[in-house]
Structures are given as structure tokens and as C-alpha cells.
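**Student:** My questions will all concern the structure given below.
Coordinate-derived values only; no laboratory data. Just so we're clear, the structure is a prediction, and the values are computed from it rather than from any experiment. Ideal geometry is used to build each Cβ from the backbone, glycine not excepted, and the neighbour counts take in all protein chains shown.
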Amino acid sequence: MNTTVALPDSKSERSSLIRLYAVRGVVAIAWASAFAAAHHTLDAVAVTLLVSYPLIDAVSSLIDYLAVAPGPDRRVTALNGALSSVAAVALGIAATVGGVGAVLAVFGVWAVISGATQLAVGIHRRGPVLGKQWPTLISGGLSFLVGVFYLVQAIGPSPSLDVLSTYATGGGIFFIAQAALLAWKSRAQRASAAR
């Protein structure tokens, strides 16, 4: 029995990433709206939302992993998915045992690491097929910097989870922008090939 899976070509990889980025962006913005309304106390709803955010990232990483050909960015995507799964567990523990400061610290560590991996994937995907990846690169860089800010705020006198909705909204906007740029690039390449 042949177990070899055909690797997606550039066009199918691009289409898959467009859908993934667009859906991921919309989900992030919806999550931000829900969390903004629910985060004032760390009750079951807020904890569920906290745990679900990195799980959404883990599922997105899995879909991304399955959509692209083997290579360095695929390994980084797998690492990001694993780290997001660990972050979900750590956020659940921090929310139920440690409180707001602990949640912000865990989110900060996760934002730093996932921002760095997003930067790595964006740098590797820069090219004629998948575009310049500017939204991905900017989002990854901002995630890294914001994560450092969250770590500093977590040990301060009054840590607050208000910032997490802004973080998710910004990430969602960058994912949607990346999807739009990839779609535009895809249309431009089809128009060029038709000439």
C-alpha cells in the first residue's frame, strides 16, 4: 500500500493559507470581543476563553502544517503548535491557581515565543510564491515586543487582562491583512500567466 501523500503545489498551498489566515483573523477578533466582555473576573467563562485562545492557534498551526510541503517553516509551525498547546494548559493552571499576574506572565511568555516563531515562518516564506509576508512579519515582531511588555506588567503593582483583547484584535487584523495580500498576489500571478 502506498502511503506517500502528494505535496501541495504552490497554488494550492497559497489557497490554503489564504483561507487559514482569513478564518484565523476572524476567529481572533471574535475571541477578543468575547474576552473583553468576560475577563473582569477569572470565572469559568474567562478561564475557558483564556485556554481556548492558544488552542485556536494550535489548531491553526496543525492546519498550516498539513497544508505546506516539508521544510524548515513546517517544522517551525509544528513547534508553534506544540508551544500553543502547552500555553493552553499553563494558562488554565495560572488562571485557577495564580490569578491575573500569573495569567499575564504565561501569556507574555507565549507571545514572545510565538512571535519569534511567526517571524521565522514569515522570513522563510518571503518570496515570489507567498509574497513579502509583511503582515506576518510585523505581527510576529509586535507579538514578541508585546509579550515582553506583558511580562513586565505581570510583576508590576496592578496587572490587568484588559490588554489581551487588544492583542487578539491586532493579531486578527494582521491575519486578515496577510490573507488579503496573498489573495491579491494570487490574482496578480494568474493575470500575468494569462497574458
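**Student:** Over what distance in Å are the Cα centres of the range 58-76 and the range 78-93 separated?
**Tutor:** 16 Å
**Student:** Next question. Give me the compactness ratio for the chain, meaning the Cα radius of gyration over 2.2 N^0.38 Å.
**Tutor:** The chain yields a ratio of 1.08.
**Student:** How would you rank THR96, THR41, THR136, THR117, going from fewest to most other Cβ atoms within 10 Å of each one's own Cβ?
**Tutor:** By the 10 Å Cβ count, ascending, the order reads THR41, THR96, THR117, THR136.
**Student:** Over the range 1-124, what relative contact order in percent results from Cα pairs under 8 Å that are six or more residues apart?
**Tutor:** Across the range 1-124, relative contact order equals 25 percent.
**Student:** At 7 Å along the Cα-to-beta-carbon direction for both VAL86 and VAL148, put a label point, then send me their distance in nm to one decimal.
**Tutor:** Result: 2.1 nm between the two label points.
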